[in-house]
Every structure is written in structure tokens, then in C-alpha cells.
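Notes to accompany the following structure.
The values are calculated or read from the model by the stated rules, or taken from the named source; none is laboratory data. Keep in mind it's a predicted model, so treat the numbers as computed, not measured. Note that each Cβ is placed from the backbone with ideal geometry, even for glycine, and that neighbours are counted across all protein chains shown.
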Amino acid sequence: MQNLERLISLDVFRGITIASMVLVNNPGTWSAVYEPLKHAEWHGVTPTDYIFPFFLFIVGVAITLSLGKKIEAVGVSRKIYLKIFKRAALIFLLGLFLAAYPFYDFAQGGWIDLSKLRIMGVLQRIAVCYLIASLIFIHTNWQWQALIAAALCLIYWFLMTFIPVPGCVETSIDDKACNLAAYLDRLILGENHLWRQSRVYDPEGLLSTIPAISTTLAGVLTGHWIRKKEIGNYEKVAGIFFFGVLLSAIGYFWGFFFPLNKSLWTSSYAVYTAGLALCFLGFCYYLVEVKSSVWWTKPFVIFGVNPLILFVGSGLMAKTLLLIKVEGADGKPVSLQKWIFDNFFLPFAEPINASLLYAVSFIVFWLFLMWLLYRKGIYIKV
């Protein structure tokens, strides 16, 4: 019987997901990227748009596996609450730390302007979803968790479809500015605290976190299924695939009426990607836990047991490479990242392939760093 608190197939899934996230975030140049490695411009999905919901789904599974065992042993204690709130707070603060880094504006010659700091982000959304999903998990059974997940998706659909936006002639999710989620982000967070590439909406905004919580709860429910002791592994895999296909189909067809959209985390997108995450986990579970096929898993396990340090560390490294200036071929200063790309990758391939090769090299470099931690048994958690 596998150790459910340290499920290897979940580590593999997590490792694949976080490695993919780092890969798509670090091309050699954003002007030459293969379409599957870019987010959809607005409506629609690409493989890149699966990554974040997959990670939130994994967070949900881990909630059930880790907290479930503790609650069975000692019940819901003050210590568990403190652990949940502490972890959520630290993850949120790490997100703000990444947004603020390097703290000093070298171009303007002064400290960064906190009045323009982005408040929400990837880690911040993970923190909020983890906190709320954890509290729901410890206070409800799986039936209520399923109802809450469905209700959140339906409530978000209703709000985004039928509630008018002040100042807009027509409210529509086809419009990046005139939809309720974007309006509330501007109203509550302020335009200066939104995603800087837009300033009219935030892809990790406030209202769109509601269906993202449903994504996390889908993982929580999957964790319940995996923890069932009275059913065998084949039945677990069959159930995972059944609900994966079912949710994918429901989300896909819902998308004809409420379009799949990662930036708004539409309810159809939440359901569709939860189904795909189930199928992907089922595939990993079948290979690793049922068939004991582990020869290919080591790189992903290495990433999967230290996901936070990989995400934060790679983000800091990417920003630092852009900050350091060196002399370019024309004698003008360029970032160290561009200098490395121009001198070590661009001469040997077309720009789009050189850009991909840079991204692959970036993640391989981090695989080496993560391997150093792994071989020493160092797992950095919050």
C-alpha cells in the first residue's frame, strides 16, 4: 500500500506541472515563442493555460492527503488552524516579495513605488485558494465540498453574465474592461495594483478567484477518492478517469455559452481543466502506483518535492538576469539575459527554436540545482 501522504504519482504530476510553468515563463525572447507555449490571447485555451489550474488541483489533493491524516489522528485543533493560516500568509507574502523584487528601481535611481505594486499574482492566488479550500475541508464532508464547488461555479457564471458593469454601455466577457471581474479589480485593488501588462484587469484578480477555489476543491474531492481504503487501485483509476472525462465534457460544452477563458477563470474553464487534471493524475497514478513504472519519474519527483523553491528561485533568477546590464554587440548596454541568448543560442538556431532551447536550458539548470537539494534530503516548505 502506497504512502498516501507522500503519493509519488502526485509528486510526479506536481513536478511536471511546476517544470512546465517555469519553462513557459522563461523563453529566450517573447517575440519568438511557439503558440502552444503561449497563453490564449483571451477566449480559448492552449496547453500553457492548463498549467495553473493543474497546480491548484494538486494543491487540493495535497490538502486532503496531508490534513486528512492529521485530523483523523488528533481532530481539528488550534495547531491545525495556525498551520493553515501561517502557510497561506507566507505564500502570499512570497508572492508580494517576487512582485517587489529587486526593491530598487535602477532606471529611476530610487526605491520602488509601492503605490504601483501588483497585489495579486500566482502565489497570492494559490495562498487564497489553499486557505479557503482548507477551511472548507476541515468543516465539511465530501458531499458539501462537491456542492460548494458547483455552487461557486454557478454563482460566478451568474455574476459575470447578468450583473451590469457601471460605466459600460454593454457588459460582456468579450470585453477585457467591461466585465464584472475586471471592474471589481479596478474598483477594489486600483489600476496601479493590477497586472502591469493590462491595468484594466488582473488574470489573478479577486472575483475570478471564486471559480479557482472550485478548481482546488476538485482536487480535495479527488483526494477523498484516493484515500478510500475499501477500494483497490484499479477502481480508483477507473473513477478518476470517469469523472475526468465527465468534467472535461461538461466544461467543454459549457464553453459554447460561457467561453473558456483563463484570464477570467470562467466556470467552464474551471470545470474543463479540472477534468483534464483528473485524467492526467489518473495517467500518472496508473503508471506509478499500479504498474510501478518509475524509471522515468526521477526528474519530476525532484521538481515535485520542492516546487516552491523552484518557482520563487527561478523567478528571482529571471528578474536578476534582466537587471544586470552588459555591453551588447553594438556597444550599447543590454540585459545579461539578452546577451546570453544572443551569444549562446541565437547563432545556432532560428529565433523560435533558439528561444525554446534557452527555456529548456533554463529548466535543466534548475533541475541540477534541485537535484543538489534532493540528494541531501532538503525539502523547503512553508
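Here are some notes:
- If you go through region 245-304 and keep only what is surrounded by 21 or more Cβ atoms within 10 Å (Cβ to Cβ) and assigned to a loop (DSSP other than H, G, I, E, B), you end up with Leu260, Lys262, Ser263, Leu264, Trp265, Thr266.
- Filtered residue count, region 206-240, keeping only those that are over 23 Å from the mean Cα position of the chain (by Cα) and touching a residue at least 24 places away in the same chain (Cβ under 8 Å): 5
- Failed item in (1) of a type outside the set (Gly, Ala, Ser); (2) touching a residue at least 12 places away in the same chain (Cβ under 8 Å); (3) part of a loop (DSSP other than H, G, I, E, B), with Leu135 passing the rest: (3)
- Scan of region 311-350 for residues that are surrounded by 16 or more Cβ atoms within 10 Å (Cβ to Cβ), under 13 Å from Thr29 (Cβ atoms) and not aliphatic (A, V, I, L, M), ordered by number: Ser335, Gln337, Lys338, Trp339, Phe341, Asp342, Phe345
- Flag for Lys381 being part of a helix (DSSP H, G or I) and of a type outside the set (Val, Ile, Thr): no
- In region 314-341, the residues that are outside any helix (DSSP H, G or I) form Cβ pairs under 9 Å with partners that are polar (S, T, N, Q) and surrounded by 13 or more Cβ atoms within 10 Å (Cβ to Cβ), at six or more places apart or across chains, as follows: Ile324/Ser335; Ile324/Gln337; Lys325/Ser335; Val326/Ser335.
- Test: residue in region 325-333 that is farther than 30 Å from Lys83 by Cβ and in contact with a Lys or Arg (Cβ under 7 Å, 6 or more places away or on another chain): yes
- Sole residue being exposed (fewer than 14 other Cβ atoms within 10 Å of the Cβ), over 14 Å from the mean Cα position of the chain (by Cα), touching a residue at least 12 places away in the same chain (Cβ under 8 Å) and over 26 Å from Arg14 (Cβ atoms), chosen from Phe85, Phe106: Phe106
- Qualifying residue in region 227-235 (condition: surrounded by 20 or more Cβ atoms within 10 Å (Cβ to Cβ) and at pLDDT 95 or above): no
- Flag if Ile8 is modelled with pLDDT of 90 or more and crowded, with 21+ Cβ neighbours inside 10 Å: no
- In region 165-198, the residue that is nearest to the chain's Cα centre (by Cα) out of those that are in a loop (DSSP other than H, G, I, E, B) and aliphatic (A, V, I, L, M) is Leu194.
- Some residue of region 59-79 being closer than 23 Å to Tyr201 by Cβ, of a type in the set (A, V, I, L, M) and either in contact with a Pro (Cβ under 7 Å, 6 or more places away or on another chain) or crowded, with 20+ Cβ neighbours inside 10 Å (or both): no
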